[in-house]
1. Under 10 °C and 1.306 mPa s, how fast does segment 12-140 diffuse according to Stokes-Einstein, given a Kirkwood radius computed over C-alpha pairs? Answer in µm²/s, whole number.
2. Taking each pair of different alpha-carbon atoms in segment 86-140 once, compute 1/r for the pair, average those values, and report the inverse of that mean as the Kirkwood hydrodynamic radius in Å to one decimal.
3. So who's got an amide H within less than 5 Å of the one on SER131, skipping anything under 5 residues away but keeping other chains? H placed 1.01 Å off N, in plane.
4. Cβ under 10 Å from ASN99's Cβ, ASN99 left aside: what net charge do those residues give with Lys, Arg +1 and Asp, Glu -1?
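The numbers here are math on the coordinates, done by the rules we state, and not lab data. Note that the structure is a prediction, hence the values are computed from the model and not measured. So basically every Cβ, Gly included, is an ideal-geometry build from the backbone, and we count neighbours across all protein chains shown.
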Amino acid sequence: MHTQLATTNARSIIIHASLADIEATRSHRFTVSFNGEQYQAVFPEPLSELTSGFTTKQEAWCYVVTERVKHPQGDIWPLDNAIYVAEVLWGAFSDVPINDDDYIEQPFLHFDVGTERFEIWLWFENYFDLSVMTDLMGAE
């Protein structure tokens, strides 16, 4: 495995998995588990150095998805229960302050301050292959 540096939460790691590593771990998933004390953001084996602990499930999933999006090979492995993850992240997004012009006022996942709310909605729809209105907001 070849390692290159890039900024992540508390560490500076991007791990590039070889084709052999990818093939051997195709069944692995990005997930979050609870060890009785904290929530673990769990990464597929080639990226396991990114695994970290968090106080809440929401924080753990936000970290997992942010790192998956930022990683050049992140989309090779699926998210565990993607619709559930979308719901958790939508809950986190509901806590992000948005100004009167529909721009976020604090960073959210990989989006910077000043990103338009609708750009993030569109990302949810494309990333999770769902409808924000129907699947996350309950509109018919």
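1. The diffusion coefficient I find is 102 µm²/s.
2. Every distinct Cα pair counted, the radius reaches 11.4 Å.
3. Result for SER131 returns nothing.
4. Numbers: positive: ARG117; negative: ASP100, ASP101, ASP102, GLU105.
Here the count lands on -3.
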